[in-house]
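Values quoted throughout were computed directly from the atomic coordinates according to the rules given, and no laboratory measurement underlies them. What you are looking at is a predicted structure, and each value in this text was computed from that prediction instead of being measured. For neighbour counting, all protein chains shown are included, and Cβ atoms are generated from backbone atoms with ideal geometry for every residue, glycine included.
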Amino acid sequence: MKRLSLLLISIFFTSVVSAGSVPAGSLDRPAPRSRLRCTWPVFRWIERLRQGNDVRLEIRAERNAFSVFHEQTKAIDKAIFNQILQSSQNASHLELTSESTVLVYDVNDNLKLEQHLGRSPGAKSAVWFKRESIRIGSYPLDQWGGFIAEALHHGLSMYDVSENGKILLVSLGFKQTGPDLVRFDNQSLVLSDEFYDHMMLSWHHKPVAGANGFAILVHDPHWSASGALQLVPGLKALLGSNQQHQFIFLVEGEYGETRQVGFNSLDLVVDAAAKSGGAEPLVYDMVSRFLIDSAMAYRLLYDRHLPVFAIDDARYLETTSPGTRPAERFKTVHSIRKLYEATSHIDWAATPQGKEAQKSINEVFRLADAYMTADIRDARGQGLVDYYDQLAMILDKLVNVGQGLKETHPGIQIESEISFIKGQAGAYQAQRQTFENALRRNVMMVKYISEHARTRDLRIPVAFIGNFHTDGITRELRKQSIGYIVVEPRFNSVSGPKEFEDFDRLLYEDQRKAYLKSLASTRQLAVAPTVFDVQEYYAPHLKRQSVRVAERQRLSALSFGKLPSKQVDFQAFNNALRENGALTGAAVEFDGAGGGERPPPGLDGAFAFFEPGGEGKGPRFLVFDAQDEGWRHQGRYKYLKEAKLVLPFEGDGNRSRGKVVFYQDPVSKSMFAAFYEPQSKRFYLFEGEKAISALPIMLSLKPRKDQGVLIHTRVAELRPGNQGGNDDG
């Protein structure tokens, strides 16, 4: 039997047709599945995508229909490339991969040209490709609802809608089929259904067999709370399904005098704070604040005897903050374009020197815009270092241009743009240095990973690394004929600027003490907190937090006890919430037969809602009707344990317009759904037919009058967009 993990497909709506071209009721009632099923050849391609084939799909909405295309890429020679390019508008943008810098030319809607400028040793100086969009099928626009309904039968697990200015962005998440077993050294590693509920095999790094040992590489999302909360139960499922093996954790990050990683009394402090209650609310609280990492959280909850070894290179671990992180990209692009507009009003002298100066200045602006808008999602290793180096130098040139223009034309008002761009040049140069230091750390990490992979003490090494390191480390493991798999949490959001800022404040020594005092942070990157930190900061915080948790539990029991009748299994309910990192520790309320707080129109079939909290407010979970028959079935409690309640990404100009995440119980086959409603900032939870019938609320989200519709898809490994595409090592 095949298992399932998560693959994301993003669909973007941009302005090409008027909003009025979407029929008002077109998404409200999907056509019957039996009538439509045979008319959707696109799902044959989606199944190939789920199986790990390199498939790119594109969906476009026209005035009365939407069409589905797949992309076909073919190598061509330079002469054909130039011949086709002459007939195009020559509009181009940059894409970066691990091996190449790619210039992509949009010839027309169905044809793109790619010029790959190799960077790796031995790579050709340039390679040319033709990327064609081939139509799979076209369908009436009013069948979009039917398309989504059918997608549910092909692994659709997420539907997320946001907008950024005049762009409406929809992300669809599909489950990717994965293997039950991975074989190594005449043995096997079991990958269970529960593992795939929380984790996935890396899309870019396929499992590799080797004759000299085996290792599990875990992409540890240092900067992401949602990723960390998925990783803990994912580790539990992975190790719990493989009790025939022994494991050792290998972790990157700061370490003390020894590479053997202990608790430094944190285990004793957690036990003292938890008292008779469970440790989960306290441990997940620390994870969500990034006071501890996922490896430490797993050990505190499930296996305190599991050995842990630090594998990093302290010489290249940055302990002083590099300064301000780069701002959201759209802000820098906006400043660059404002500066360009100011220069475009200059009356250049009608001389060869003046025209040449204008040409040179325009070239700098063109390069700056191209690099700032480049697609860097697939860039790793040295390619990313080179990119940030080039970007910083280009912005420095832009600053020089601005300063020179200010001297020759004192009247133009460009001081704020020059200052901002100068700051961004420094921020990107610091980013380059961070990534360069991270590359240097690979040597030490490979040394220890390979040593533990080759040993025959029956312990499988589980190495926690940032995804930036993976290309270099896996390349070296292959050279040594060491087998591996790369796994990562199945989270479906990205980190915003504040999360990166909070992470930095705890990451660097010059900011850590002040941040620990407030304990309003995310997480550190050390392998373990120091004994001093545990006693001085963690212990008081956990004591306060345990009081809050105990009070919430008391009020929850009081609320439950006041109900005249109920179907809820209170113990099963509490156990489920305690094991879900998003729900554990939430204030719980029971609303009798649903006579109190109600969901908004269209979502009144929900059996509960969850408020993630924030801005000084803690998380809150409310049950609408404790007499609901659904509480008699174990599938609902299993869902509460597994529910992915990850806030949509809002940043870089993105604003959520709603999100739904689906889950099917493997035993009862019941469908569950969590709808995020952006006005109330709540997740509303549904079961069975109500989960499906509420879907049109999401599908009916229409563009504003000034927004049109063009849909296209592409695979994204962990998250949409390039924010957080690498974790700084």
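Quick notes on this structure:
- Residues whose amide H comes within less than 5 Å of that of R682, counting only those at least five positions distant or on another chain, are E677 (H built at 1.01 Å from N in the peptide plane).
- Using only Cα coordinates, the Kirkwood hydrodynamic radius of the range 562-693 works out to 15.1 Å.
- Between the listed residues S656, V568, T584, the Cα displaced farthest toward the positive end of the dipole of the range 562-693, a dipole computed from Cβ unit charges relative to the Cα centre, is found at T584.
- For the residue pairs K447/K659; K78/K359; K562/K617; K236/K447, alpha carbon separations beyond 32 Å are given by K447/K659.
- Taking θ as phi - 60° and the Karplus parameters 6.51, -1.76 and 1.60, the scalar couplings of the range 356-364 work out to 5, 5, 4, 4, 5, 5, 4, 5, 5 Hz in sequence order, x denoting glycine and proline.
- When DSSP beta bridges are restricted to pairs lying wholly in the range 562-693, around 85% turn out antiparallel.
- Counting other Cβ atoms within 10 Å as a rough exposure proxy, the listed residues H469, H345 run H345, H469 from fewest neighbours to most.
- Proximal aspartates and glutamates relative to K166, as straight alpha-carbon distance under 14 Å, when same-chain residues fewer than 8 apart are discounted: D652, D706
- Amide H contacts of S157 (H built 1.01 Å from N, under 5 Å, at least 5 apart or other chain): G173, F174, K175
- Sparse-neighbourhood loop sites, GluC sites (Glu not before Pro) in the range 43-82 - DSSP loop, at most 16 other Cβ within 10 angstrom: E62
- Which listed pairs, of K130/K644; K206/K669; K175/K638; K566/K641, have C-alpha distances above 28 Å, in listed order: K130/K644; K206/K669
- Chymotrypsin sites (Phe, Trp or Tyr not before Pro) within the range 348-444, DSSP loop, no more than 10 other Cβ atoms inside 10 Å: none
- Relative contact order (%) - the range 562-693, alpha-carbon pairs under 8 angstrom, separation at least six: 25 percent
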